[in-house]
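Data block below; observations after.
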Amino acid sequence: MKIKIGVFLDNMGLTLDEAMDTSSRLGVDGFQIYVTRGEMLAENMSAEARAAFRKAYESRGLVLSATCADFGVSLTDDRAEEIVPKLKAAVDQAIDLGTDIVTTHIGEVPEDLDPKVCDPMRRRLEEVAGYAEGNGVTFATETGPEAGAVLAALLSSVQSRGIGANFDPANLVMRGYDHMQSARDLAKYIVHAHAKDGKRNDGEVALGEGDVNFPPYLALMGELGFDGFHTIERESGPDPLADIKHAVSFLRGL
């Protein structure tokens, strides 16, 4: 089946230019990158630097599938008030860099949607997603800490069309959730996906070695109308770059 394959540059263990060159040689369609530190942090990136970055990846025939603005702070945390301006800055930056998707983690959504947890989370989501919507960007929270139905219930209560989901099947599997049902539950919100594998109630493994059954999973995503990127993410293992190269071949072979 033909899908858009991306890679997460930060997982390669290479310099930015080396990672883009490697991605180009692998023949993938695009990539995702963190914008939370160093030269990629919005406040550190001038207009000239943003234009140069965009020119650099476009000259290699790549597409920026999404940026990742995960600052490691739950939106239930009081510290999240300090993160909201950074998330808005990441939205502005995404436009300059040439993508309309910003992904993040928002923290764990309780199954009972406890208002003490969900109300501040929803308020901050509405602020950032509303800002994103006004700029033609989707602010997409990543799946994993909770079942898809629980996350969908929260997202449905957010009063903004700028809210979305970054679907990671391995995160769900590793927590013991049904990734296929979660995809169905979140279908209308999914704008980006991670191609990652894991063992149920265990940890991450190389693509094809875990409990994400990719052929039916990818077929389901297509049936649900998803035509965005499946971006390979490899956050562990002794040789992530080798695993990323294997993952590209694995996905192409399906």
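The values are calculated or read from the model by the stated rules, or taken from the named source; none is laboratory data. This one's a predicted model, so the numbers in the text were calculated from it and none came from an experiment. Glycine gets a Cβ as well: all are built from the backbone with ideal geometry, and neighbour counts include every protein chain shown.
Elements of the type strands (runs of 3 or more DSSP E) sitting completely within region 1-117 and holding at least 3 residues that are touching a Ser or Thr at 6+ places or on another chain (Cβ under 8 Å), of a type in the set (Asp, Glu) and crowded, with 20+ Cβ neighbours inside 10 Å: there are none.
Determine, yes or no, whether Arg123 is surrounded by fewer than 18 Cβ atoms within 10 Å (Cβ to Cβ), assigned to a loop (DSSP other than H, G, I, E, B) and of a type in the set (Lys, Arg). No.
Note on region 18-31: residues that are touching a Leu at 6+ places or on another chain (Cβ under 7 Å) and in contact (Cβ under 8 Å) with a residue 60 or more places away in the chain total 3. Of everything in region 166-183, what is under 19 Å from Phe229 (Cα atoms) and either buried (at least 22 other Cβ atoms within 10 Å of the Cβ) or modelled with pLDDT under 95 (or both)? Give them in sequence order. Within region 166-183, Asn166, Phe167, Asp168, Pro169, Ala170, Asn171, Leu172, His179, Ser182, Ala183 qualify. Can you pull out the residues in region 129-158 that are more than 17 Å from Val109 (Cα to Cα) and polar (S, T, N, Q)? Across region 129-158, the qualifying residues are Asn135, Thr138.
Restricting attention to region 169-196, the residues that are of a type outside the set (Gly, Ala, Ser), in contact with an Asp or Glu (Cβ under 6 Å, 6 or more places away or on another chain) and under 24 Å from Asp29 (Cβ atoms) add up to 2. When region 138-183 is filtered for residues that are basic (Lys, Arg) and more than 25 Å from Val7 (Cα to Cα), only Arg161 remains.
Remark: Leu186 matches the filter, which requires a residue to be surrounded by 20 or more Cβ atoms within 10 Å (Cβ to Cβ) and of a type outside the set (Val, Ile, Thr).
Considering Gly208, Gly198, Gly203, the condition of being crowded, with 23+ Cβ neighbours inside 10 Å, farther than 23 Å from Thr138 by Cα and not acidic (Asp, Glu) is satisfied by Gly198 alone. Within the option set Asp21, Asp10, Asp17, being closer than 27 Å to Leu241 by Cα and in contact with a strand residue (DSSP E or B) (Cβ under 9 Å, 6 or more places away or on another chain) holds for one residue only, Asp10. Of all residues in region 206-222, one or more are in contact with a His (Cβ under 7 Å, 6 or more places away or on another chain) and assigned to a helix (DSSP H, G or I). Filtering region 143-165 to residues that are touching a helix residue (DSSP H, G or I) at 6+ places or on another chain (Cβ under 7 Å), at pLDDT 95 or above, surrounded by 20 or more Cβ atoms within 10 Å (Cβ to Cβ) and under 23 Å from Asp178 (Cβ atoms) leaves Thr143, Ala147, Gly148, Leu151, Ala152, Leu154, Leu155, Ile163, Gly164, Ala165.
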